[in-house]
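Trainee: My structure is below; once you've seen it, I'll send some questions.
The values are calculated or read from the model by the stated rules, or taken from the named source; none is laboratory data. Note that this is a predicted model, so its numbers are computed, not measured. So basically every Cβ, Gly included, is an ideal-geometry build from the backbone, and we count neighbours across all protein chains shown. SASA here: full protein model, heavy atoms, side chains in, ligands and nucleic acids out. Shrake-Rupley method; radii C 1.70, N 1.55, O 1.52, S 1.80 Å.
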Amino acid sequence: MTATQIPSRLGSLMNRPGPRLAGLGLLILLLLIPLGMIEQRVLERGERRNEAAAGVAQAWGQSQSLAGPMLRLPYTVRWREGKEERSRSGWLVLPPHRLEVEARLDSQVRRRGIFEVPVYRARADLRGDFVLPDLSGLGLAQTDVDFSRAELMIGIAEPGALTTDSRASVADQDLVLEPAAQSLGAQGVHARLPQGASAESLLVGVPFQMSLGLNGSTAFAIAPVARETVLNLTSDWPHPSFTGKGLPARSRIEPSGFEASWSRSHLGRGYPPVWLDDQVTRDLIDASAFGVELCVPVDPYRMAERIAKYGALLLLLSFAAIWVMELLGGRPLHPVQYLLLGGSLCLFGLLQLALAEHLGFAAAFFLAAGAVVVQAAWYTRVATGSTRRAVSLGGLLGAWFGYLYVVLQAEDLAFLLGAIALFAALTAVMWSTRKVNWSIGPRWDVADATVE
């Protein structure tokens, strides 16, 4: 075999379906490199959005979670060991017997550059009563507790976001709320009861009322610290996601907002109805909280991440369509032309996200998809000289992008729809190539190309 015959033999070999299919597989693997770079860029933009959201939350208010109110009562237990008297002091934490919360979240959208963050002004009215249970299970007697130094405390994720019109009263005693560096083991506010409390009144039940105004962002939650906790929550935000331990007993979601109601018992929450200060941590209390998250209906960054993950599938289906068209007749594309078409498809996710930051997801998706379809069809027409193949590829890409849009919207069915798409594509390839002789396959010659 002469040196001049080697390229000819190699070209003849690569024009057979099997080796050409293997070559296309290598091209797809090569194009995974720019796909990975684009996905990394999408993640970086998502991180920038998160940084912007954190900046807005720091200035306005973080996600708010309320734990309380509760009474904190100092105690001292004394005993004798031989001739020596010993003592142990601490705090008795008394949650409400019943807690009812009426809360309203008035939402806003704040911007940091091109990024939008949902925030809210919350108004929470709390009422209920404190009832002193039997303390023998804690190793205490009523005489060990100093009721005159009773304090009211409530844990708040960010007490600095409280508004000046917040107020509280216990047993008709108006209280002055003060910041507390440590309230329930975390940040919060507290207030001394001017006249203290008494065991007799607590045995009957001491009522309380609180009205809190606070700013927050993204989420709002209540910890079920009482024996029975009831939360009635309303908001003008139309896209709630109920979170935490326990879905609402009743809820109604409309375009103008939502309403939701919870009723939770202390059973199963993981901590007792009354405890000593070192027995229950704030993390344990927060773990039992429930509430709502103000979701963005279509998060362009989450959608862009999912589009990037579908990039390899888009390349596979597109190259498979072009390869089948080649098997059915016409001028084959050069590997470089495959790479150019693949680069156009890879850029779809990046172009879509860049437009979505300014136009919203839906408009950006269809503009980017339309641009890629037109570019791919035009280049196929120029490269192959076939209008029919260009229209066919454009139609297939348009159908695929439409199907991808449906998959992205139906998140719960994404896996099923993706599997169906792969099965349908494989079936189409099998049907189109059912008469191909894989041992010989078609032979292409550039001179055979015709303009259609």
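Trainee: For a quick check of your reading of the model, give me the residue pairs whose first member lies in the range 139-161 and is farther than 14 Å from Leu94 by Cα, whose second is assigned to a strand (DSSP E or B) and of a type in the set (Lys, Arg), with beta-carbon atoms closer than 9 Å and at least 6 apart or on different chains.
Mentor: Asp144/Arg78
Trainee: In addition: (1) modelled with pLDDT of 85 or more; (2) crowded, with 19+ Cβ neighbours inside 10 Å: which one isn't true of Pro133, the others all being true?
Mentor: Unmet condition: (2).
Trainee: Can you tell me how many residues in the range 106-128 are open to solvent by less than 10 Å² (accessible area, probe 1.4 Å) and farther than 18 Å from Ile156 by Cα?
Mentor: 1
Trainee: Go through Ala369, Ala364, Ala354 for me and flag whichever is at pLDDT 80 or above, aliphatic (A, V, I, L, M) and closer than 21 Å to Ile33 by Cβ.
Mentor: Criteria check complete, one pass: Ala354.
Trainee: Within the range 362-378, is there a residue that is touching a strand residue (DSSP E or B) at 6+ places or on another chain (Cβ under 9 Å) and closer than 30 Å to Arg49 by Cα?
Mentor: Within the range 362-378, not a single residue is touching a strand residue (DSSP E or B) at 6+ places or on another chain (Cβ under 9 Å) and closer than 30 Å to Arg49 by Cα.
Trainee: Just to be sure I understand, how many residues within the range 84-105 are farther than 21 Å from Ala223 by Cα and open to solvent by less than 80 Å² (accessible area, probe 1.4 Å)?
Mentor: Qualifying residue count for the region: 2.
Trainee: State whether one or more residues within the range 39-62 are modelled with pLDDT of 80 or more and either under 30 Å from Val206 (Cα atoms) or touching a Leu at 6+ places or on another chain (Cβ under 6 Å) (or both).
Mentor: Among the residues of the range 39-62, not one is modelled with pLDDT of 80 or more and either under 30 Å from Val206 (Cα atoms) or touching a Leu at 6+ places or on another chain (Cβ under 6 Å) (or both), which makes the answer no.
Trainee: Shifting gears a bit: Determine, yes or no, whether Thr234 is surrounded by fewer than 18 Cβ atoms within 10 Å (Cβ to Cβ), at negative phi and modelled with pLDDT of 90 or more.
Mentor: yes
Trainee: Shifting gears a bit: Output the number of residues of the range 212-231 satisfying the condition of being open to solvent by less than 20 Å² (accessible area, probe 1.4 Å) and not in a strand (DSSP E or B).
Mentor: Matching residues across the range 212-231 total 4.
Trainee: When the range 375-405 is examined, which residues are found to be touching a residue at least 12 places away in the same chain (Cβ under 8 Å) and farther than 23 Å from Ala428 by Cα?
Mentor: The answer is Gln375, Trp378, Tyr379, Ala383, Gly385.
Trainee: Any idea which of (1) at pLDDT 85 or above; (2) within 22 Å of Ala161 (Cα to Cα) is the one Gln182 doesn't satisfy?
Mentor: Gln182 satisfies every listed condition except (1).
Trainee: Let me ask another. For the range 37-83: of the residues being aromatic (Phe, Trp, Tyr) and surrounded by 16 or more Cβ atoms within 10 Å (Cβ to Cβ), which is farthest from the chain's Cα centre (by Cα)?
Mentor: Tyr75
Trainee: Name every residue in the range 136-168 that is open to solvent by less than 50 Å² (accessible area, probe 1.4 Å) and out of contact with any strand residue (DSSP E or B) (no Cβ under 8 Å at 6 or more places or on another chain), in order of residue number.
Mentor: Ala141
Trainee: Also, I was wondering about something else. Go through Val391, Val374 for me and flag whichever is farther than 15 Å from Ser344 by Cα, open to solvent by 60 Å² or more (accessible area, probe 1.4 Å) and modelled with pLDDT of 85 or more.
Mentor: Criteria check complete, one pass: Val391.
Trainee: Right, next: Taking the condition of being hydrophobic (A, V, I, L, M, F, W, C), within 21 Å of Arg98 (Cβ to Cβ) and assigned to a strand (DSSP E or B), how many residues in the range 232-251 meet it?
Mentor: 1
Trainee: Collect the residues in the range 183-197 that are open to solvent by 40 Å² or more (accessible area, probe 1.4 Å) and not in a strand (DSSP E or B), keeping them in residue-number order.
Mentor: Result: Gly185, Pro194, Gln195.
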